[in-house]
Amino acid sequence: MTIKEAGERYNLQTGELSGQYASHSQKKLSQLAGVFADAEAFSAMDGEQPVYEVDAHMAVEEGTSGGLFFGTSTIHPGRVGNEYFMTKGHFHQKRETAEYYWGISGEGVLLLMDKNRRCTAEKVEKGSLHYIGGHIAHRLVNTGDTDLVVGACWPSDAGHDYGSIETAGFSIRVVCEDGKAVLRESR
Ligand code: F6R
Ligand code: ZN
């Protein structure tokens, strides 16, 4: 028997993933219509602008019970009006499934919201570790001037439910006031 090279790679500095099971996707501003509060500022911006990228490592079929997925989310710096660039955010379709996030670089906020729309917020930075329990919606917000890079690991049968976030959003928004990131209640 021989020792095989691992074909799959994880760049510990950048979070970049490569190998047979790695894939890359990008969200442009035009794909985030209705996500940000300031519709006027949104419509004045270039819809082709990339807001975030996801590198995913999926070694099993989506929906496989007992498997894990691994990924890196990179949220670019920017704002729509005074609201920082952020991910769409989701509950897991299989509600009880949890997830780990960890900060790789940059500065941001992890918004967490339960089914009763109660929100908490955690600071994300290099070395921060975030356990997202089941039944909790999660969204990453980049509050810095550089890319916010965050690692993630979640069950391969978790699935994503964007529906309720698309219609009602999170109950808290992260906005820039006097040059600082602050939390504001949302309607
Ligand atoms: C997976 C997970 C992350 C997000 C990524 C993009 O369960 O939480 O990999 O999918 O940060 O965010 P969304 O999916 O909300 O567009
Ligand atoms: Zn998730």
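Odds and ends about this structure:
- Local net charge near ALA181, Cβ-Cβ under 11 Å (Lys/Arg +1, Asp/Glu -1): +1
- Packing-based ranking, highest mean first, of 41-54, 162-175 given that Cβ atoms within 10 Å are counted: 162-175, 41-54
- Descending by average beta-carbon neighbour count within 10 Å, the peptides 147-153, 89-95, 13-19, 114-120 line up as 147-153, 89-95, 13-19, 114-120, the highest first.
- Value of relative contact order over the chain, rounded to a whole percent, pairs C-alpha under 8 Å and six or more apart: 23
- Stretching LYS4 away from HIS135 to a fully extended chain increases their span by 43.2 nm, per 0.36 nm per residue minus the current alpha-carbon distance.
- As a rough guide to protection, the peptides 60-70, 101-111 ranked by mean Cβ packing within 10 Å, highest first, stand as 101-111, 60-70.
- Cα gyration tensor shape of the chain, rounded if a/c is under 1.5, else prolate or oblate by comparing a/b with b/c: prolate
- Computed E for LYS180/ARG95 - FRET, C-beta separation, R0 35 angstrom, nearest 0.05: 0.55
- Proximal aspartates and glutamates relative to LYS115, as straight alpha-carbon distance under 13 Å, when same-chain residues fewer than 8 apart are discounted: GLU96, ASP161
- Taking a straight line from the alpha carbon of LYS28, these lysines sit under 26 Å away, with near neighbours fewer than eight places off in the same chain left out: LYS88, LYS123, LYS126, LYS180.
- Extension gain (nm, one decimal) between SER43 and HIS160, 0.36 nm per residue minus Cα-Cα: 39.4 nm
Any read-out appearing in this document is the output of simple, stated calculations on the displayed coordinates, not a laboratory observation. Everything numeric in this text was worked out from a predicted model, so none of it was measured. Glycine gets a Cβ as well: all are built from the backbone with ideal geometry, and neighbour counts include every protein chain shown.
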